[in-house]
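Colleague: Encoded as structure tokens, here's the structure I'll be asking about.
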Amino acid sequence: MGNIMKLKNMSPVAIAEELGKRLKQVRLNADLTQAEVASRAGLNRRTILNAEKGKVQLENLVAILVSMDMAGQLNMFLPVQEISPIQLAKLKGQERQRASKSKKRNTRIKEDKSSW
């Protein structure tokens, strides 16, 4: 709980740097070099270095996490959000209640009466 309160009071730049430090620690705990992570993620070593400083594009961060078998952590980082009852009620008002008559339906293929 202390870490959550700590992050809450930090600037976005400071939070990004903290995430970079954590990313680096994950890599070190896995006993991987920056070059190894870069190779696994399909990135260059400089991108890994920057990520560990908190400067990384989202797509590259995901690639790094996947390369270190950490993609499952994304659910804890940003859980799937359910639609709130209020939002659901707003959307329900826009839901179609019935089908409308299409102008194209009236142009049915006329039966060939000459074959009778």
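Colleague: So residue 60 passes all but one of these: (1) within 21 Å of residue 78 (Cβ to Cβ); (2) over 21 Å from the mean Cα position of the chain (by Cα). Which condition number does it fail?
Modeller: (2)
Colleague: What pairs can you find where one residue is in the stretch 58-75 and closer than 18 Å to residue 25 by Cβ, the other is among the charged types (D, E, K, R), and their Cβ atoms are less than 7 Å apart, with a gap of 6+ or different chains?
Modeller: Between residues of the stretch 58-75 that are closer than 18 Å to residue 25 by Cβ and residues that are among the charged types (D, E, K, R), the close pairs are 67/40; 68/27.
Colleague: Taking the stretch 33-61 only, how many residues are in contact with a Lys or Arg (Cβ under 6 Å, 6 or more places away or on another chain), small (Gly, Ala, Ser) and surrounded by 15 or more Cβ atoms within 10 Å (Cβ to Cβ)? If you could, list the steps in order and put the result at the bottom.
Modeller: Looking only at the stretch 33-61, we keep the residues that are in contact with a Lys or Arg (Cβ under 6 Å, 6 or more places away or on another chain), and these are 34-35, 37-38, 52.
Imposing the further condition that a residue be small (Gly, Ala, Ser) reduces the set to 35, 38.
Cutting the leftovers down to surrounded by 15 or more Cβ atoms within 10 Å (Cβ to Cβ) gives us 38.
Adding up the residues that qualify gives 1.
Colleague: Quick check on residue 20: is it within 22 Å of the chain's Cα centre (by Cα), on the phi > 0 side of the Ramachandran plot and modelled with pLDDT of 95 or more?
Modeller: no
Colleague: A further question on this structure: Being among the aliphatic types (A, V, I, L, M) and assigned to a loop (DSSP other than H, G, I, E, B) is the filter here, so list the residues in the stretch 76-85 that pass it. So that I can check it myself, show each step before the final result.
Modeller: The first filter runs over the stretch 76-85 and keeps only residues among the aliphatic types (A, V, I, L, M), leaving 76, 78, 80, 83.
Matches in the stretch 76-85: 78, 80, 83.
Colleague: Any idea how many residues of the stretch 59-75 are modelled with pLDDT of 95 or more, of a type in the set (A, V, I, L, M) and part of a helix (DSSP H, G or I)?
Modeller: Qualifying residue count, the stretch 59-75: 6.
Colleague: Could you check, for the stretch 25-32, whether at least one of its residues is in contact with a Lys or Arg (Cβ under 9 Å, 6 or more places away or on another chain), assigned to a helix (DSSP H, G or I), surrounded by 15 or more Cβ atoms within 10 Å (Cβ to Cβ) and of a type in the set (A, V, I, L, M)?
Modeller: Initial filter on the stretch 25-32 (in contact with a Lys or Arg (Cβ under 9 Å, 6 or more places away or on another chain)): 32.
Then keep just the ones that are assigned to a helix (DSSP H, G or I); that gives none.
No - not one qualifying residue is present in the stretch 25-32.
Colleague: Residues in the stretch 63-83 that are more than 24 Å from residue 50 (Cβ to Cβ) and either touching a Gly at 6+ places or on another chain (Cβ under 6 Å) or aliphatic (A, V, I, L, M) (or both): how many?
Modeller: Count: 2.
Colleague: Taking the condition of being touching a Leu at 6+ places or on another chain (Cβ under 9 Å) and among the hydrophobic types (A, V, I, L, M, F, W, C), how many residues in the stretch 8-29 meet it?
Modeller: First, pick out the residues of the stretch 8-29 that are touching a Leu at 6+ places or on another chain (Cβ under 9 Å): 14-15, 18-19, 23, 26.
Adding the requirement that they be among the hydrophobic types (A, V, I, L, M, F, W, C) leaves 14-15, 19, 23, 26.
Residues that pass the stated criteria total 5.
The values are calculated or read from the model by the stated rules, or taken from the named source; none is laboratory data. Keep in mind that what you see is a predicted model, and the values were worked out from it rather than measured. Glycine also receives a Cβ, built like all others from the backbone with ideal geometry; neighbour counts cover every protein chain displayed.
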